[in-house]
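Student: Pasting a structure below so you can have a look.
The values are calculated or read from the model by the stated rules, or taken from the named source; none is laboratory data. Owing to the predicted nature of the structure, the values given are computational and were not obtained by experimental measurement. Note: ideal-geometry Cβ built from the backbone for every residue, glycine included; neighbour counts use all protein chains shown.
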Amino acid sequence: MFEPSGTPRVYGLAPGVDFPAALVAGLRARMAGRPPEEMAKVELILNTSRMARRVKAIFDSGPATLLPRIRLLTDMADPAALRDLPAPVPPLRRRLELTGLVSKLLDAQPDLAPRAALFDLADSLATLMDEMQDEGVSPDQIAALDVSDESGHWQRALSFLNIVQRFFEQGEEAPDRNAFQRYALDEKLKSWQAAPPTHPIIVAGSTGSRGGAYKLMCAVSRLPQGAVVLPGFDFDTPGPVWGGLSDALSAEDHPQFRFAKLLFDLALDPTCVPHWHEQAPPSAARNRLVSLALRPAPVTDQWRSEGVHLPVLTDATEKLTLVEANSKREEAMAIALRLRQAAEDGTTAALITPDRMLTRQVTAALDRWDIVPDDSAGIPLQLTPPGRFLRQVAALFQRELTAESLLSLLKHPLTHSGSERNNHLRATRELELHIRKKSWPFPQPELIEAWGAAAGFPDWANWVAETFCQPPLYGTRALIDWLMIHVERAEAIAAGPEMGESELWKEGAGRKARQVVTELEGEASHGTDLDARDYADLFGAILAKGEVRDRDAPHPHILIWGTLEARVMGAELLILGGLNEGSWPEIPGADPWLNRRMRHKAGLRLPERNIGLAAHDFQQAVAADEVWLTRALKSDDAETVPARWVNRLMNLMNGLPAKQGPEALKAMQARGRHWLALARQVESPIKAPSAARPSPVPPVAARPRQLSVTEIKTLIRDPYAIYAKRVLRLRPLNPLQRAPDALLRGILIHQVFEEFVRETVSDPGLLTAEALRAKAATVIGDPEVLPFPVTRHVWQSRIARIAEWFTRTEAARQQIARPAHFETSGSSDIPALGFTLKGTADRIDIDEKGNAHLYDYKTGAAPTAKQQKNFDKQLLLEAAMVERGAFPNLQPRHAARAVFVSVSTNPNEVEAPLDEVPPAKVWSQFETLMTRWFEPDRGYTARAAMLSENDFSDYDHLSRFGEWDVIDAAEREMLE
């Protein structure tokens, strides 16, 4: 195929050229006129499986020919060489071994790192090991680095590196995958040196960014019939610029640095690299523009000298669109609209981005048009239904079962997926309502079983109690033991009480999860003892390494690729999304082991290498025929910075008015604004008239015939709440995990004072601040009553602060009258209306004359006398009920006094104005009020007289408060 040459053979293909198509075309051209079997002798070594599939597809499309031998860079071992090498250790086994070693090291030296960092350290150490194996760097080389100017951090890093020393000693341990590939490659290269192959061998599509690939490319280029074909080679870069790409510390972030290093090491002139095939890029002018924009920072002054030689930029950027969205959501919607247009036109379009959140948003937007893109990355296994389910089950081992974790697992689509799932969902709904009603923060098995027997779900409730309500597992266990317990419990939850065949291990995600679990079972013996939290973290981390391709048939023309796949090309439209700093290029992660200078000395990859590779991917993709560049101006309400390559391109174009650069840039942005306008139109809500302030008028027969004294205040201030509660019979759903709110605080504090006062009546010697504090500790300090430690302390402290005041004033109260009745309920009727008023008095004392003294405890501020006269009539009405004989076994002649006892931070007593509004007058006013509420045209106006605009009502969302304001007139609606 190749003429004999005394120099290495390296070819290039320009950015934007369809690399697989040009590769095949160049190969066919060189094999023209040769016997068909000669093609079968050609060995093509490609960088990715997707590239290999594309090359095979191009060959399959004709004309008919024998296929060359297509191999991947990661599969270079000869079967003969494999006989002399030990089988590689599975990656999972090595990871488990590292986790055990790091765990033991942290146990021995707890000051090295927190225990929570166990798996992050093991993962990071595994990544470093892979890189060291790939680059051929041993721990001895790193230990020998000059670190005289480094801090004590280096000694801690060496502690971790020392524990992996044995994995680098051949013969001591079986090699891991990267070490095995390196050994196999070394054997391959040795055999080539002894007997160079005579058949054509071509390495194509790799940049040589990894040590093994770089070594192979150098070796193949020197073979008698070997050649290297470089993707996205910049033929527009001049010689002096190539000469400046020699120092990794200053130039590795340039897109052509890896090629420069390869060519210099092979003693080749970068300006003399021949084209593999004469296929022209879609826009040679755009390639020149991008090449100049991406020049290394020290020579950007060449923009002035060389920019004037560029062609007219409006032509170069004619098929380039710049989308600058206001938000990531808007960016995703614009991309989705363009992909939808491509699907309708039959155009092959690919979104290329490293931002997985953006790809998910685009996929979600496409779903509204039933377009499923072909996503090369798939879905992380941990985010699939089986992955989420297994992680939720693993969390059950760590802590007491909460209502939230119980119901979230009961509602999972894989729970009870065997049979009778409809009954399971109905029982789950009823259990949730019961838990909300009873406020069970930690459901107990005996409570669930008792509920099930009463509600008609005995078998189901017993299954829930036995399967879910198990105590946490403390202490450490072997990994295989954890896995057996985990899988057994997960299968029991998925099967249901009937133990039918579940859906857990079915479909693509279920089969993948089963595969991961099976692999973990096989390697569990190499793990270490773990506690429940560590096991759950380890299992979740292992799931995160897996991915599942969407089981639905994807759209044949809509693709989502990673940046590496820009080399595969083949799409008519490329959308380069997420072009912001931190996204593309991604910010290099923190390295806990070696800093940048030490990595350079050791021969490891610098953080800039990934930036350079991302720059090369960008340079290739932006040279395609039709290209979109998209970014969001804001992300999470923070300003973003455009990707450095986009920034350079815009700055260069703005600085070339003679070449119509500013006009070309404005045209690119205008094309983007067109699609952004469409995206905003799609996202704009349908205009609907705002709701009016409601004032429903229900039939008189439907109006409430019974209210409590505390609801009268609501009736006056927010009648709509009474309408919703008593007429529509709608009640707020209690929170699942009830927080220690004001209602619960009021209930417990009332209980404290009631029990305390009762006991002081029997034993006056208990009327002390210390006794009150003790009573608060008994009632509020009970973890079963209030399972929130901090809240228990705070609420007890509040009572402790007012204990002296309360006992002092309580002594005065008991001098006036003797406490006689606590939490006494009564009712009084208005016969003419058929209406009953009910009430429960906190406390009624009786003096020597038989008069009643009413007290009501308030945990907040007590209402003023003015507020009581007009709105808050609770105590006034209770006083009137006392005189009307509403309370059984209580026949006082007179309500002498009614007092609010505020036990808030600023305690005080506020008396009801019985002298201004005596009980008889109160009741007369109340009868008049209720008569008005039974008038046929009286409406229940929303928020009629709220104390403050900020006051909250449970029914504000029902009245659509916010669409109307309190100054708006109410709109009465007669109801039938």
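Student: I'm trying to understand the selection: among the residues of the range 112-124, which are under 14 Å from L161 (Cα atoms) and at pLDDT 75 or above?
Tutor: Across the range 112-124, the qualifying residues are L121, A122, D123, S124.
Student: From W463, W451, grab the single residue that is more than 33 Å from the chain's Cα centre (by Cα), modelled with pLDDT of 90 or more and surrounded by 15 or more Cβ atoms within 10 Å (Cβ to Cβ).
Tutor: None of the other options fit; the residue is W451.
Student: Go through the range 500-521 and report how many residues are surrounded by fewer than 16 Cβ atoms within 10 Å (Cβ to Cβ), within 18 Å of W482 (Cβ to Cβ) and under 26 Å from the mean Cα position of the chain (by Cα).
Tutor: Adding up the residues that qualify gives 1.
Student: Which of the helices (runs of 4 or more DSSP H) contained wholly in the range 308-413 include at least 3 residues that are within 30 Å of Q620 (Cα to Cα)?
Tutor: Once the helices (runs of 4 or more DSSP H) in the range 308-413 are filtered for at least 3 residues that are within 30 Å of Q620 (Cα to Cα), what remains is 313-316, 328-345, 356-367.
Student: Follow-up. Pairs only if they're at least six apart or on different chains, beta carbon under 7 angstrom, first in the range 607-629 and under 16 Å from P296 (Cβ atoms), second basic (K, R) and assigned to a helix (DSSP H, G or I); list them, first residue then second.
Tutor: Final answer for the pair search is G612/R258.
Student: If you don't mind, another one. If R340 passes every condition in (1) under 21 Å from the mean Cα position of the chain (by Cα); (2) assigned by TED's automatic domain parsing to the domain that holds L574; (3) of a type in the set (K, R) but one, which one does it miss?
Tutor: Only one criterion is unmet by R340, namely (1).
Student: On to the next question. Which of the residues spanning the range 623-650 are in contact with a Phe, Trp or Tyr (Cβ under 8 Å, 6 or more places away or on another chain) and assigned to a helix (DSSP H, G or I)?
Tutor: Within the range 623-650, W645 is the sole residue that qualifies.
Student: Can you find a residue that is of a type in the set (A, V, I, L, M), touching an Asp or Glu at 6+ places or on another chain (Cβ under 6 Å) and touching a residue at least 12 places away in the same chain (Cβ under 8 Å) anywhere in the range 909-922?
Tutor: no
Student: Of all the helices (runs of 4 or more DSSP H) wholly in the range 1-62, which have at least 2 residues that are in contact (Cβ under 8 Å) with a residue 60 or more places away in the chain?
Tutor: Qualifying helices (runs of 4 or more DSSP H): 19-31, 49-60.
Student: With the requirement that a residue be of a type in the set (A, V, I, L, M) and in contact (Cβ under 8 Å) with a residue 60 or more places away in the chain, what does the range 252-267 give you?
Tutor: The answer is L262, L263, L266, A267.
Student: Out of W923, W933, report the one residue that is buried (at least 17 other Cβ atoms within 10 Å of the Cβ) and in contact with a helix residue (DSSP H, G or I) (Cβ under 6 Å, 6 or more places away or on another chain).
Tutor: W923
Student: Could you check, for the range 954-972, whether at least one of its residues is outside any helix (DSSP H, G or I), among the hydroxyl-bearing types (S, T, Y) and out of contact with any Lys or Arg (no Cβ under 9 Å at 6 or more places or on another chain)?
Tutor: For the range 954-972, residues outside any helix (DSSP H, G or I), among the hydroxyl-bearing types (S, T, Y) and out of contact with any Lys or Arg (no Cβ under 9 Å at 6 or more places or on another chain): absent.
Student: Right, something else. Please tell me if T864 is farther than 25 Å from A817 by Cβ and among the hydroxyl-bearing types (S, T, Y).
Tutor: no
Student: Going through the range 191-205 one residue at a time, which ones are exposed (fewer than 15 other Cβ atoms within 10 Å of the Cβ) and either in a loop (DSSP other than H, G, I, E, B) or touching a strand residue (DSSP E or B) at 6+ places or on another chain (Cβ under 8 Å) (or both)?
Tutor: Passing the criteria: A195, P196, T198.
Student: Can you spot a residue in the range 908-920 that is modelled with pLDDT under 95, in contact with a helix residue (DSSP H, G or I) (Cβ under 8 Å, 6 or more places away or on another chain) and part of a helix (DSSP H, G or I)?
Tutor: Yes, some residue in the range 908-920 is modelled with pLDDT under 95, in contact with a helix residue (DSSP H, G or I) (Cβ under 8 Å, 6 or more places away or on another chain) and part of a helix (DSSP H, G or I).
Student: Now for a different question. Could you please tell me which pairs satisfy a Cβ distance under 9 Å, a separation of 6+ or placement on different chains, a first residue in the range 881-895 that is on the phi > 0 side of the Ramachandran plot, and a second residue that is modelled with pLDDT of 90 or more?
Tutor: G885/G826; G885/S828; N889/H821; N889/T824
Results for (1) out of contact with any Ser or Thr (no Cβ under 9 Å at 6 or more places or on another chain); (2) in a helix (DSSP H, G or I); (3) at pLDDT 80 or above, shown as yes or no for each residue.
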{"site": "L85", "(1), (2), (3)": "yes, no, no"}
{"site": "L92", "(1), (2), (3)": "yes, yes, yes"}
{"site": "E97", "(1), (2), (3)": "no, yes, yes"}
{"site": "L101", "(1), (2), (3)": "no, yes, yes"}
{"site": "D107", "(1), (2), (3)": "yes, yes, no"}
{"site": "P110", "(1), (2), (3)": "yes, no, no"}
{"site": "T127", "(1), (2), (3)": "yes, yes, yes"}
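Student: For E683, indicate whether it is in contact with a helix residue (DSSP H, G or I) (Cβ under 8 Å, 6 or more places away or on another chain), modelled with pLDDT of 90 or more and among the acidic types (D, E).
Tutor: no
Student: Any residue at all in the range 635-656 that is out of contact with any Cys (no Cβ under 8 Å at 6 or more places or on another chain), without any contact (Cβ under 8 Å) to a residue 12 or more places away in the chain, within 30 Å of L161 (Cα to Cα) and not assigned by TED's automatic domain parsing to the domain that holds F257?
Tutor: no
Student: Sticking with this one: When S797 is evaluated against the numbered criteria (1) in contact (Cβ under 8 Å) with a residue 40 or more places away in the chain; (2) among the small types (G, A, S); (3) farther than 30 Å from A702 by Cβ, which criterion, by number, is the only one it fails?
Tutor: Single failed check for S797: (1).
Student: Could you say which residue among P255, P296, P270, P240 is closer than 30 Å to R597 by Cβ, more than 43 Å from the chain's Cα centre (by Cα), crowded, with 16+ Cβ neighbours inside 10 Å and of a type outside the set (D, E, K, R)?
Tutor: The conditions single out P270.
Student: Okay, moving on. Looking at R28, R9, R50, can you tell me which residue is buried (at least 18 other Cβ atoms within 10 Å of the Cβ), modelled with pLDDT of 90 or more, within 27 Å of P281 (Cα to Cα) and of a type in the set (D, E, K, R)?
Tutor: R9
Student: Which pairs have Cβ atoms under 9 Å, sit 6 or more apart or on different chains, and link a residue in the range 130-141 that is in contact (Cβ under 8 Å) with a residue 12 or more places away in the chain to one that is among the small types (G, A, S) and surrounded by fewer than 16 Cβ atoms within 10 Å (Cβ to Cβ)?
Tutor: Listed by first residue and then by second, the contacts come to M132/S138; E135/G603; G136/G603; V137/G603; Q141/G603.
Student: Something else now. Sort through L433, L390 and tell me the only one that's crowded, with 17+ Cβ neighbours inside 10 Å and either outside the structural domain of H674 (by TED's automatic domain parsing) or of a type in the set (A, V, I, L, M) (or both).
Tutor: L390
Student: Oh, and also: Out of the residues in the range 733-777 meeting the condition of being modelled with pLDDT of 90 or more and part of a loop (DSSP other than H, G, I, E, B), tell me which one is surrounded by the fewest Cβ atoms within 10 Å (Cβ to Cβ).
Tutor: The extreme case among them is D763.
Student: Among the residues of the range 259-292, which ones are under 22 Å from S209 (Cβ atoms) and small (G, A, S)?
Tutor: Hits for the range 259-292 are A260, A267, S291.
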